[in-house]
Amino acid sequence: MAMTVGELREALEDFDEDTEVRLAIQPRYPMQYTVGEVAEVELGEDESRDTECRECGGEGCEDCGGSGTVEPDGETHKVVYIAEGSDVREAPYLPGLAARALGW
């Protein structure tokens, strides 16, 4: 099951707010990245259909009536995406200590 915003907040609540945050990715070839942008999107029930018009990319066109959005098929739900920032140039590989702490 996916983590929620509330669960993420709870997981971070015991850490000092000035502590740097990094993303650890690829357990078999562990790398570390800074955290990039954060965005929320509204996805359709099948998660492959969003509410942004695919014809104009949200800019507004005849297909969406100029609104930039279309009615999704079925129910929608919001998802917050956290983008990978840049790799950590001085040490792109995840330290072994961090990999072990993550259970990798």
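Laboratory data are not the source of any read-out in this text; all were calculated from the coordinates shown. None of the values given here were measured: they were computed from a predicted structure. Cβ sites come from the backbone with ideal geometry, for glycine too, and all protein chains shown count toward neighbours.
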(request) Please list, in chain and number order, the residues 5+ apart from Leu94 or on another chain whose amide H is under 5 Å from its amide H, with Hs placed from the backbone. (result) Met31, Gln32
(request) For Cys61, list long-range residues whose amide hydrogen, built 1.01 Å from N in the peptide plane, is under 5 Å from its own amide hydrogen. (result) Gly66, Ser67, Gly68
(message) Give me, ordered by chain and number, the residues 5 or more places off Gly85 or on other chains with an amide H under 5 Å from its own placed amide H.
(response) Thr34, Val35, Gly36
(request) Note the full-extension length gain between Val5 and Ala98 as 0.36 nm times their separation in residues minus their Cα-Cα distance, in nm to one decimal. (result) 31.2 nm
(request) Divide by every residue of the chain the summed helix terms, -39500 (n - 2.57) for each DSSP H run of at least 4, and state the resulting mean residue ellipticity at 222 nm, rounded to the nearest 500 deg cm²/dmol. (result) -3500 deg cm²/dmol
(message) If exposed means no more than 13 neighbouring beta carbons inside 10 Å and the site is in a DSSP loop, what's the longest run of the chain without any exposed trypsin sites (Lys or Arg not before Pro)?
(response) 55-88
(request) Take the Cα atoms of the chain, find their three principal axes, and give me the spread along each one in whole Å, biggest first. (result) 54, 29, 29
(request) Identify, among Val21, Tyr81, Ser67, the residue whose Cα sits farthest towards the positive end of the charge dipole of the chain, taking +1 on the Cβ of Lys and Arg and -1 on the Cβ of Asp and Glu, with the dipole about the Cα centre. (result) Val21
(request) Determine the dipole magnitude for segment 21-101: charges of +1 sit on the beta-carbon of Lys and Arg, -1 on that of Asp and Glu, nothing else is charged, the reference point is the Cα centre, and the result goes in debye to the nearest 20. (result) 980 debye
